[in-house]
1. Could you give the nm distance between label points at residue 321 and residue 254, where each point is 7 Å from its Cα heading toward the beta carbon?
2. In the stretch 146-165, which residues have a backbone nitrogen under 13 Å from the label point lying 7 Å from residue 115's Cα in the Cα-to-Cβ direction?
3. How much mean residue ellipticity at 222 nm does the chain get from its helices, if each DSSP H run of length 4 or more adds -39500 (n - 2.57) and you divide by all residues, to the nearest 500 deg cm²/dmol?
4. Which shape class, rounded, prolate or oblate, goes with the stretch 30-126 when its Cα gyration tensor gives a ≥ b ≥ c as root eigenvalues, a/c under 1.5 marks rounded, and past that a/b bigger than b/c marks prolate?
5. Rounded if a/c is under 1.5, else prolate if a/b is larger than b/c, else oblate: which is the stretch 272-333, with a ≥ b ≥ c the root eigenvalues of its Cα gyration tensor?
6. For the chain, what proportion of DSSP beta bridges, expressed in % and rounded to the nearest 5, is antiparallel?
7. State the antiparallel share, in %, of DSSP beta bridges confined to the stretch 1-156, rounding to the nearest 5.
8. Let a ≥ b ≥ c be the square roots of the eigenvalues of the Cα gyration tensor of the chain; is it rounded (a/c under 1.5), or, if not, prolate (a/b larger than b/c) or oblate?
């Protein structure tokens with residue numbers, strides 16, 4: 001399935017039905033008076049979060065959405081039926097903007113969350129509503145009001161507990177495939193991963209957390225290089241970063257400098273991202289030359305205050321320990337967030 005994270009659609013609430021112009025005409029009831037009913041209200045448009053959705057793909061195939069119109073009023077004081085409301089299902093993490101003004105209309109996060117986006121038009125009044133002691137036979141009715149309509153831009157930001165970041169080919173896809181049931185494409189060339197992947201990682205019995213594999217970032221990602229702006233937005237809602245660092249000869253440059261490069265791109269995209277906890281993960285422990293330089297590089301990161309782990313996602317070495325370390329960090333983070341006396345961003 002294609003991963004689509006940004007779409008533009010047009011939605012319209014239902015129009016109200018017009019009021020009826022009618023007079024009672026029955027045998028033995030002279031001058032029966034007005035009996036035109038009101039028109040029905042137009043249907044509203046709701047957005048609702050569906051936990052089973054993970055992409056905005058469906059909105060690529062259907063752009064226009066419309067709620068039902070209200071029925072017109074009828075004689076014998078019969079009111080028109082209200083139009084059927086329209087409920088549009090979206091995945092968790094969907095942001096809804098007005099396409100013209102850019103105003104944020106809804107931030108839909110929790111499964112089952114439901115929000116009214118557009119109101120349907122009111123139904124018009126029939127002539128029976130305008131009868132008075134001095135106007136016994138009104139011939140005035142109201143038309144139904146049009147429903148609201150607008151173009152919307154929808155943007156999806158993945159909801160995950162842990163985000164994997166790092167340069168291309170750092171081993172992010174291999175790690176998420178080793179730790180969860182996710183099966184992203186894995187190959188030995190840069191930018192194998194072109195779309196984010198989510199995986200549920202079990203740990204500690206019945207506990208689990210959601211891990212997001214973000215496509216590799218490069219220098220200039222915050223300016224759009226390598227589609228960086230498309231990828232960076234998906235790490236904004238993660239609670240913890242696993243920063244994967246490749247020590248093999250495949251990755252040119254100094255590992256610590258590469259690490260700092262990615263962090264600068266995160267900061268330039270959103271300064272709050274660097275306030276999130278980071279664990280440094282040195283990858284490809286199954287390679288001999290990596291093992292030889294791991295101690296020195298690990299000491300360099302720990303001197304900067306980062307907890308550093310050493311793994312091989314291919315052989316599974318260190319993966320179990322990494323998963324439990326992430327679980328412990330998330331639990332500590334949840335405890336700090338639940339405490340009103342502490343700053344959640346504090347280390």
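1. 2.7 nm
2. Residues 153-157 qualify, since their backbone N sits under 13 Å from the label point.
3. After summing the helix terms and dividing by the residues of the chain, the value is -6000 deg cm²/dmol.
4. It comes out prolate by the Cα gyration axes.
5. In terms of gyration-tensor shape, oblate.
6. Of all bridge pairs located within the chain, approximately 55 percent are antiparallel.
7. Around 75 percent antiparallel, to the nearest 5.
8. prolate
A short reminder: the numbers here are calculations on the coordinates, not readings from a lab. Bear in mind that the values here come from a model prediction, so they are computed numbers and not experimental data. Glycine gets a Cβ as well: all are built from the backbone with ideal geometry, and neighbour counts include every protein chain shown.
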